[in-house]
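This report refers to the structure that appears directly beneath it.
The values are calculated or read from the model by the stated rules, or taken from the named source; none is laboratory data. Because the structure is predicted, anything quoted here is derived from the model rather than measured. Neighbour counts are summed over all protein chains in view; Cβ atoms, including those assigned to glycine, are modelled from backbone coordinates with ideal geometry.
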Amino acid sequence: MNTPLQKNLTKAVLGSASFTAIFGTIAGFVVGALGAARAAGIQDSSLVFSWMTRSHALFMLLPVIFVGLLLSVIVWAAVRSTHKVAGPMIPIGRALERVAAGDYSTTVRLRQDDWLHDLADQMNESFQAVERRNQAMERRIAELTTELKNQEQADSQVEGIPESVTADA
């Protein structure tokens, strides 16, 4: 289940990644073109793109492409690492909801490459300990209930005996 917060975060990350890639590509192209023009002796920036030949344009696009790819890899790595931390929060939250509802047999299962495995393991151990205590309490309650019923039966049998019989003893 995606919560509205998760959807908004995803949109924000993807939107900023797209903006960064587009802006980086355009800025890199313009800066590269202006630098190449100044190196060629052209001072008027309006003439920068008019003097370029295809070979110059291709040569200038290589750094722009490299920067664009580098930014894409950086954004991908950032999104992936945030998913490794934020991703486990969903199953952890669901497990806590089930425990709050009384299902102590629940376990937190994470993907192999997720972070927070230690926390999930500790939570699973805690859930199991609570489950064991809960089962022990239920057994003890059943034992006490049985004892109470037996005592009530014994009391009702004693009440049925006349007082003269019990007084002689």
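Take the residues of the range 96-137 that are in contact with an Asp or Glu (Cβ under 9 Å, 6 or more places away or on another chain) and aliphatic (A, V, I, L, M): which is farthest from Ser81 (Cα to Cα)?
Val108
Among the residues of the range 38-64, write down those that are at pLDDT 75 or above and either surrounded by fewer than 14 Cβ atoms within 10 Å (Cβ to Cβ) or not hydrophobic (A, V, I, L, M, F, W, C) (or both).
Within the range 38-64, Pro63 is the sole residue that qualifies.
Tell me which of these Ile90 doesn't satisfy, since it passes every other one: (1) more than 15 Å from the chain's Cα centre (by Cα); (2) loosely packed, with under 15 Cβ neighbours inside 10 Å; (3) among the β-branched types (Val, Ile, Thr).
It fails just one condition, (1).
Just to be sure, is Ser105 modelled with pLDDT of 85 or more and in a loop (DSSP other than H, G, I, E, B)?
Criteria met by Ser105.
Can you tell me how many residues in the range 113-147 are within 13 Å of the chain's Cα centre (by Cα) and exposed (fewer than 13 other Cβ atoms within 10 Å of the Cβ)?
So the count comes out to 1.
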